[in-house]
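Notes to accompany the following structure.
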Amino acid sequence: MRRRNFIGLLGATSIFPLAAWAEQPKRIAVMMAIYAQTDHEGQASSAAFEETLKTLGWTIGGNVRIDYRWDAGKIDRVKISAAEFVRSAPDVIVVAANPAVAELHRLTSTIPIVFTRVADPVGSNFVAGLARPGGNITGFQASDADLGGKWLGVLKDAVPKLSRVAAIYGSDSGGNVAFLRAAEAAASASNIQLTAMDVRGPLDWKQRLSEFADQPNGGLIVVPHPFTTANRKLIIALAAGYRLPAIYAYRFFAAEGGLISYGADQIDQWRGAARYVDRILHGEKPGDLPVQAPTKYQLVLNLKTAKALGFNVPQALLARADEVIE
């Protein structure tokens, strides 16, 4: 090699290091705020997310690296994970549930964020609008706030003599508050007494639930929240012990022993999140990607639980069900 060519090559490598010649893997941070790492539903969500990425041409550990945080519904851990992720500046953050999105929204206005299972993203001030979110956040909303009223209606259809309902929710979630307001309006219209039990409030919700169950003709609405998801086994057990017919937002509650679930297919939302991540990693801005509403709702009835509680589910409701667990 001629000397001047060799010197020219050295100069080129000093300007463009060899490491830069190979494209660096994209970095995705995933906040599984709702789940513990051992939670099978969380594992199913992450598997759906990764499988969809693979179909879009991404290789986990190759051209993309994924970092997970499993916070098990604990708000203090959610805050730590959010701060760590923002400091690490990934290419995009994927996150589930309102409180976790609220924390990320507080910490960054530049890192792209894709959410799933979020209620009332406009009212929670995460996005400017559904069609044009603006800013750095977009994703897949859990449902409209009206679902709070629909839960009460389905529960009333299942238990016609229902006259009292307790709603377990979290006041730290704007979406939860919106669900509660819709349920209160529906309860008032149906002459049903509704008692709100805040898992983030100063009073012990478990003690209040015990006192509520002492009176007849009661039922339970469990609003989706990191706390209620992470503690679903306890809540399902309490409902069974107090013989309270209960309705939940997601199928896995009914599959694990809850009486009724009605809500969006949350696994499908993780597939949608992967598609949005793909578009963002290819250069699209989250503010230009519309917030997507659920396209598939599931009504699931657990007849085994109904029999244990001594309830006969009306045939009209059974005919409406997408799935009956026996």
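Data for the structure
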| read-out | value |
| --- | --- |
| Some residue of the range 142-157 being of a type in the set (Lys, Arg), surrounded by fewer than 22 Cβ atoms within 10 Å (Cβ to Cβ) and either at pLDDT 95 or above or within 15 Å of the chain's Cα centre (by Cα) (or both) | yes |
| Residues within the range 1-35 that are surrounded by fewer than 16 Cβ atoms within 10 Å (Cβ to Cβ) and modelled with pLDDT of 75 or more, tallied | 1 |
| Residue in the range 201-221 that is of a type in the set (S, T, N, Q) and free of Cβ contacts under 8 Å to residues at least 40 places away in the same chain present | yes |
| Among the candidates Ala100, Ala128, residue that is of a type in the set (Gly, Ala, Ser) and crowded, with 24+ Cβ neighbours inside 10 Å | Ala100 |
| Odd one out for Ala102, checked against (1) touching a Gly at 6+ places or on another chain (Cβ under 9 Å); (2) in contact (Cβ under 8 Å) with a residue 40 or more places away in the chain; (3) more than 18 Å from Ala128 (Cα to Cα) | (3) |
| Tally of residues being surrounded by 15 or more Cβ atoms within 10 Å (Cβ to Cβ), under 22 Å from Thr110 (Cα atoms) and of a type in the set (D, E, K, R) across the range 68-96 | 3 |
| Meets criteria (in contact with a Pro (Cβ under 9 Å, 6 or more places away or on another chain), surrounded by fewer than 19 Cβ atoms within 10 Å (Cβ to Cβ), of a type in the set (S, T, N, Q) and not assigned by TED's automatic domain parsing to the domain that holds Ala36) for Ser190 | no |
| Some residue of the range 255-268 being crowded, with 21+ Cβ neighbours inside 10 Å, within 22 Å of the chain's Cα centre (by Cα) and assigned to a helix (DSSP H, G or I) | yes |
| Single residue of Arg181, Arg200, Arg232 found to be surrounded by 21 or more Cβ atoms within 10 Å (Cβ to Cβ) and not aliphatic (A, V, I, L, M) | Arg232 |
| Conditions (1) out of contact with any Lys or Arg (no Cβ under 7 Å at 6 or more places or on another chain); (2) farther than 30 Å from Ala213 by Cα; (3) of a type outside the set (A, V, I, L, M); number of the one not met by Lys150 | (2) |
| Enumeration of residues in the range 271-326 that are acidic (Asp, Glu) and touching a residue at least 60 places away in the same chain (Cβ under 8 Å) | Asp278, Asp288, Glu323 |
| Cβ-Cβ under 9 Å pairs, at least 6 apart or on other chains, the range 107-124 side in a loop (DSSP other than H, G, I, E, B), far side acidic (Asp, Glu) | Ile111/Asp91; Pro112/Asp91; Ala119/Asp144; Asp120/Asp144 |
| Enumeration of residues in the range 103-123 that are crowded, with 19+ Cβ neighbours inside 10 Å and among the charged types (D, E, K, R) | Glu103, Arg117, Asp120 |
| Matching residues in the range 160-206 - criterion: being of a type in the set (Val, Ile, Thr) and at pLDDT below 95 | Val177, Val199 |
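Residues are listed down the side, and each one gets a yes or a no for (1) of a type in the set (Ser, Thr, Tyr); (2) within 30 Å of Thr195 (Cα to Cα); (3) in contact with a helix residue (DSSP H, G or I) (Cβ under 8 Å, 6 or more places away or on another chain):
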residue	(1), (2), (3)
Leu104	no, no, yes
Thr110	yes, no, no
Arg117	no, yes, yes
Phe126	no, yes, yes
Ala131	no, no, no
Gly134	no, no, yes
Ile137	no, no, yes
Asp146	no, yes, yes
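The values are calculated or read from the model by the stated rules, or taken from the named source; none is laboratory data. This one's a predicted model, so the numbers in the text were calculated from it and none came from an experiment. Every residue, glycine among them, receives a Cβ derived from its backbone with ideal geometry; neighbour counts consider all protein chains shown.
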